[in-house]
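Peer 1: One structure coming up, written as structure tokens, with questions to follow.
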């Protein structure tokens with residue numbers, strides 16, 4: 001192989017390598033910053049194939065889409081000295097690749113810086129409000145203040161902060177447990193008071209019912225005695241009237257009733273004196289003349 005052919009092949013290979021190293025592509029989701037010997041020379045945001053100086057230019061790619069930032073949960077002290085655990089998320093976009101390169105260089109460094117900005121702004125805003133404010137419509141205004149402050153400071157880094165939100169704001173687990181225990185004790189105390197009050201009401205109702213029952217029984221017994229006395233009086237009056245009309249028949253009737261009761265309740269043998277007045281009508285019988293008059 002001749003030297004001229006070898007030189008030609010070598011030149012062609014070097015040209016091919018140089019041509020390959022001088023080309024770079026930019027995706028539609030990216031923006032590129034061309035740095036020449038450590039000095040930025042231009043920003044390319046249009047997608048496609050572009051040319052650079054080989055071995056001299058370095059291309060740094062940055063995402064042009066919305067980027068997420070989700071820092072770890074942190075504890076914040078509110079204006080009423082209560083501690084809460086706050087979890088936030090942020091969405092931002094790199095709008096100035098040159099300034100971003102000059103201030104942040106990398107996305108990891110940008111995430112660290114933005115996390116610090118969000119944390120300091122959030123602590124400042126929440127340190128002025130009470131816990132109920134986070135559960136009301138004021139929460140929107142609080143988060144809006146945080147976003148505006150972070151966006152203003154992040155603009156100096158070539159970053160546009162699109163959104164800052166509070167994803168979760170809870171009391172610490174130990175505080176929540178203490179509150180739960182206190183609420184439980186309070187409910188148990190209220191339950192004991194209600195049970196004691198219910199027992200007292202039950203005793204009052206039972207005593208009232210017993211008193212009304214006693215009164216009803218007393219009134220019923222009184223009325224029974226009055227009715228019984230009135231009946232006895234009426235019976236005595238009628239007996240008296242009957243006795244006045246025919247004393248002999250009345251005496252005979254009473255004697256028969258006495259015989260019936262005495263003989264029914266006595267033993268098989270009844271021993272009496274022959275001249276006992278009790279046997280008068282058995283021995284003599286009724287006065288027929290007296291009954292005959294009636």
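The values are calculated or read from the model by the stated rules, or taken from the named source; none is laboratory data. It should be emphasised that the depicted structure is a prediction, and the values quoted were computed from it without experimental measurement. Positions of Cβ are backbone-derived with ideal geometry, glycine not excepted, and every protein chain shown enters the neighbour counts.
Peer 1: What number of residues within segment 43-65 satisfy the criterion of being in a loop (DSSP other than H, G, I, E, B) and farther than 15 Å from residue 100 by Cβ?
Peer 2: The number of residues fulfilling the criteria is 7.
Peer 1: Right, something else. Output the number of residues of segment 116-127 satisfying the condition of being in contact with a strand residue (DSSP E or B) (Cβ under 9 Å, 6 or more places away or on another chain) and more than 16 Å from residue 162 (Cβ to Cβ).
Peer 2: Matching residues across segment 116-127 total 5.
Peer 1: Does segment 137-144 include one or more residues that are modelled with pLDDT of 90 or more and closer than 30 Å to residue 39 by Cβ?
Peer 2: no
Peer 1: Would you mind telling me which numbered condition in (1) in contact (Cβ under 8 Å) with a residue 60 or more places away in the chain; (2) over 32 Å from the mean Cα position of the chain (by Cα); (3) surrounded by 14 or more Cβ atoms within 10 Å (Cβ to Cβ); (4) in the same structural domain as residue 168 (by TED's automatic domain parsing) residue 84 fails?
Peer 2: (2)
Peer 1: Which of the residues that make up segment 87-105 are in contact with a strand residue (DSSP E or B) (Cβ under 7 Å, 6 or more places away or on another chain), surrounded by 18 or more Cβ atoms within 10 Å (Cβ to Cβ) and not in a strand (DSSP E or B)?
Peer 2: 97, 100, 101
Peer 1: If only one of 149, 190, 125 is over 30 Å from residue 88 (Cβ atoms) and in a helix (DSSP H, G or I), which one is it?
Peer 2: 190
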